[in-house]
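As C-alpha cells, the structure follows; a few thoughts come after it.
The values are calculated or read from the model by the stated rules, or taken from the named source; none is laboratory data. Small disclaimer: the values here were computed from a predicted structure and weren't measured. Reconstructed Cβ throughout: ideal geometry from the backbone, glycine too, with neighbour counts over all protein chains shown. Note: areas computed on protein heavy atoms with side chains; ligands, DNA, RNA excluded. Shrake-Rupley method; radii C 1.70, N 1.55, O 1.52, S 1.80 Å.
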Amino acid sequence: MTRSVVLGCGSYLPQNVVTNDDLARRVDTSDDWIQQRTGIRERRIAGSHETTSTMGLEAARRALDAAGVKPADIDLVLLATSTPDNTFPATAVTIQAELGIEQGMAFDLQAVCSGFVFALANADSLLRTGQATRALVIGSETFSRIIDWDDRTTCVLFADGAGAVVVEAQQGTGAMTDRGILASKLRADGRHRTKLYVDGGPSTTGTVGHLRMEGREVFKHAVSMVTDVIEDVFAATGYGAQDIDWFVPHQANRRIIDASAKKLGIAEEKVVITVDRHGNTSAASIPLALDVAVRDGRIKKGDLVLLEAMGGGFTWGASLVRW
Ligand code: COA
C-alpha cells in the first residue's frame, strides 16, 4: 500500500514584528485584551517586498533542504492560500518556476484557514493514486493585505508567514505503524459562509476586499466542529487521544485550542502552540507550527502527529500523520 511520507519541513516569517502595544497605538485595544481573548502577544507582518509567492518559495526551499530533495524530483506543487499574488495564474506556478521545476503539476487550493489540511489530504490522494511521486505542500498567506486595519475586531488576530512540507509516495505495509499520512477527514458547510469572509472579489466587486468576521459565531462552532472531525480520524485509524505524541492545531486562538484539547482529553504538554508569536496565519499556521516543533526537537521520526483546522466557509478537517 502506498503511503505519503513527510520527508522534511520548512518555514518563513517576515522580519517585521508587530506587538499588541503597536496595534494599541492604531486602534482602541490593549495588550491585556488581546492576550486574554486570543493568547496572541505578537505577530509578523510582511514588508512591501514580501508576497505570498516570495514567502512560500523560501519556506519551500527550506523544506527541500531539510528533506534532502532536489526541485527536479518534485512533480506536485500544491499551495494552500487565500491571498494569492494575483487572481490568476495560481501562485503555485510562480513558486514552481522560481524553483526551476519544469515537470508535473502546480496549483492553488483555497479552503481559508483549513487550507493546509485540505492541501495535505489532496496531495496524499494524488500520491496514493500514482498521479505524482513527490509533492511540495505549502501554506503561505499575506493576510495583512486583506485586513481592515481600522477594524479592531479582526486586525489584532491575523498575520503573515509561510510553511511547507515535502511528501513522498513510499511503499507501506498498510498497517497503522507505517510512516506517512494515516487518515484525513475534510468537511465544509457553506451555510456558514457569511460568518467569516472577504467583502470583495473578481466576479463581484472587482476589488480584493477586506476580511469580515462574526467572531463570536466562529468561536461558537469551532470546538465542536474540530473535535467531531478528529473523532472521525480516530475512528478511521483505531487511535485515540492517549496515543498521539503531538497535537498541532491551526493557530487561531489559544482558547479554541485549549478547549479542543481538553474536550478530546489531549494532555497540555502534547499541544504545539505558536499563536502567541505568530498570530493567525491562516493556511500557513500548521506548517509553521510543525516546523517550529520539528526544529526544536519535539517532533521526531515515528511520532504520531495530529493536525486539525477550521476556517471560513466553514471548512474544517483533521489529519493523523506518523512522522
Ligand atoms: N480590543 C478591545 N476590545 C475589543 C476588541 C479589541 N481588539 N475587539 C472587540 N472588542 C470588544 C467588542 O467591541 C465588544 O465590546 P462591547 O461589549 O462594548 O460591544 C467586546 O470586546 C466583546 O466582544 P466579543 O466579540 O463578544 O468578544 P469575544 O469574547 O467573543 O472575543 C474574539 C472576540 C474575536 C477574540 C473571539 O470571538 C474569537 O476568538 N472568535 C474566533 C475568531 C477566530 O478564531 N477566527 C478565525 C478562525 S480561522
Protection proxy ranking of 107-119, 76-88 - average other beta-carbon atoms within 10 Å, highest first
107-119, 76-88
Computed FRET efficiency, Cβ-Cβ of ALA235 and GLN103, R0 30 Å: what is it to the nearest 0.05?
0.20
What distance in nm separates the simple spin-label points at ARG145 and THR129, each placed 7 Å from Cα in the Cβ direction?
3.1 nm
Quotient of Cα radius of gyration and Kirkwood radius for segment 1-90, i.e. Rg/Rh, equals 1.10
Using the Cα centre as the reference, give the magnitude of the dipole from point charges on the C-beta atoms of the chain (Lys, Arg: +1; Asp, Glu: -1; all else neutral), rounded to the nearest 20 debye.
460 debye
Lysines with Cα under 19 Å of LYS195, excluding same-chain neighbours fewer than 8 positions away:
LYS220
ASP276 to THR194: extension gain in nm, 0.36 nm per residue of separation minus the Cα-Cα distance?
26.8 nm
D (µm²/s, integer) via Stokes-Einstein for segment 107-180, Kirkwood Rh across alpha-carbon pairs, 10 °C, 1.306 mPa s: value 109 µm²/s
Using only Cα atoms, what Kirkwood radius does segment 180-322 have, in angstroms?
15.8 Å
Using only alpha carbon pairs under 8 Å that are at least six residues apart, calculate the relative contact order of segment 180-322 and give it in whole percent.
38 percent
VAL27-ARG187 FRET efficiency (beta carbon distance; Förster radius 35 Å; 0.05 resolution):
0.55
Counting only the heavy atoms of the protein chains, how much of ARG62 is accessible to a 1.4 Å probe, in Å² to the nearest 10?
90 Å²
Three-way shape label, segment 186-256, alpha-carbon gyration tensor, a/c 1.5
prolate
In a Gaussian network model of the chain with springs linking alpha carbons closer than 10 Å, the residue among ALA236, ALA63, ALA252 that fluctuates most is ALA236
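If you take every residue apart from GLY115 with its C-beta less than 10 Å away from the C-beta of GLY115, what net charge results, scoring Lys and Arg +1 and Asp and Glu -1?
-2
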GLU268 neighbourhood, Cβ < 9 Å, K/R = +1, D/E = -1, net charge 0
TRP246 accessible area, assembled protein chains, probe 1.4 Å, Å²:
40 Å²
Toy charge model, Lys and Arg Cβ at +1, Asp and Glu Cβ at -1: segment 18-160 dipole around Cα centroid in debye, rounded to 20, equals 300 debye
The chain, helix-only ellipticity at 222 nm - DSSP H runs n ≥ 4, -39,500 (n - 2.57), divided by all residues, nearest 500:
-9500 deg cm²/dmol
Starting from one equal scatterer on each C-alpha and no solvent at all, send me the Debye-based log10 I(q)/I(0) for the chain at q = 0.11 Å⁻¹, two decimals.
-0.62
Take the alpha carbon gyration tensor of segment 255-301, find the square roots of its eigenvalues, order them as a ≥ b ≥ c, and report rounded if a/c is under 1.5; if not, report prolate when a/b exceeds b/c, else oblate.
oblate
Between GLN242, PHE219, GLY200, whose Cα lies farthest towards the positive end of the dipole of segment 176-254 when Lys and Arg beta carbons carry +1 and Asp and Glu beta carbons carry -1, centred on the Cα centre?
GLY200
Over all viewing directions the Cα convex hull of segment 23-76 casts an average projected area in nm² of 6.2 nm²
First check a/c for segment 76-228, with a ≥ b ≥ c the square roots of the eigenvalues of its C-alpha gyration tensor; if it is under 1.5, answer rounded, and if not, answer prolate when a/b is larger than b/c or oblate otherwise.
oblate
Could you work out the relative contact order of segment 2-171, using alpha carbon pairs under 8 angstrom and six or more residues apart, expressed as a whole percent?
35 percent
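Whenever you get a sec, line up TYR239, TYR197 from highest to lowest accessible area (probe 1.4 Å, protein heavy atoms).
TYR197, TYR239
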What is the Cα radius of gyration of segment 2-171 over 2.2 N^0.38 Å, N being its residue count?
1.11
